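> First the structure, then my questions, so here it is.
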Amino acid sequence: MNQETHELSKQQLKSQETKAKIFRAAKHILQKKGYEALSIKNICEEAGVSNGSFYHHFKTKDDLLSYYIEEQPSINPDLLDMPANAEEAKQAIIYVYLNYVHYCQKLGVEFMANYYTPKNQSLNPLIWSERPYPIVTVSDYLRKAIDAKVVSPPVGLNDIATDIRMIVIGNVFEWCLKGGETDFEGNMKRSLEIYLNGLF
């Protein structure tokens, strides 16, 4: 039985390595050639894997792109416990997005500039999977805070999620537009603070 468990873990490890190899290939293509060159054929050639191997891990290339969300640094769940007051809720939301800023910086301007395109359907909130998107994390957190009457925003949760998503996309776009030569973290923090201060 121990050997079976060991074999299974080796297989799982191989599967994770293949998944990471496919993502690295897509990242390289995005950085060097842009979204237009990101085909499954090109990704498989770059990664040195078969089409079957690709489809074993991902449904589409946009499903693959949403995988990068899974790789971001995890957030301490204690920080997203029920807030004591509105100020604590604001700080927790800002923390989630500063975490996201650091991950974007780690991936680099070239990747993010090519990732944030209207053609990338992994950005479409209507088709999001169970992956831990920052906006999903924040929406779940806000739902708890609203239900507990810790905060009482004048607009609905869907509108808040849309507003925050637009603020975040705008900040990422500005950072990419200026080739990384901007205060990405400071701008994200300031714009979210202004919005959230007006909200509750």
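> When Phe111 is evaluated against the numbered criteria (1) at pLDDT 90 or above; (2) open to solvent by less than 50 Å² (accessible area, probe 1.4 Å), which criterion, by number, is the only one it fails?
(1)
> Just checking: which of the helices (runs of 4 or more DSSP H) contained wholly in the stretch 14-87 hold 2 or more residues that are open to solvent by less than 20 Å² (accessible area, probe 1.4 Å) and of a type in the set (Ser, Thr, Tyr)?
Result: 61-70.
> Still on this structure, I have one more. Of the numbered conditions (1) touching a helix residue (DSSP H, G or I) at 6+ places or on another chain (Cβ under 7 Å); (2) modelled with pLDDT under 90; (3) over 23 Å from Thr162 (Cβ atoms), Ala47 fails exactly one; give the number of that condition.
In the conditions (1) touching a helix residue (DSSP H, G or I) at 6+ places or on another chain (Cβ under 7 Å); (2) modelled with pLDDT under 90; (3) over 23 Å from Thr162 (Cβ atoms), Ala47 misses (2) alone.
The values are calculated or read from the model by the stated rules, or taken from the named source; none is laboratory data. Every value quoted in this text rests on a predicted model; they were computed, and no experiment measured them. As a convention, Cβ positions derive from the backbone with ideal geometry for all residues, glycine included, and neighbour counts pool all protein chains shown. Only protein heavy atoms, including side chains, enter the accessible area calculation; ligands, DNA and RNA are left aside. Shrake-Rupley method; radii C 1.70, N 1.55, O 1.52, S 1.80 Å.
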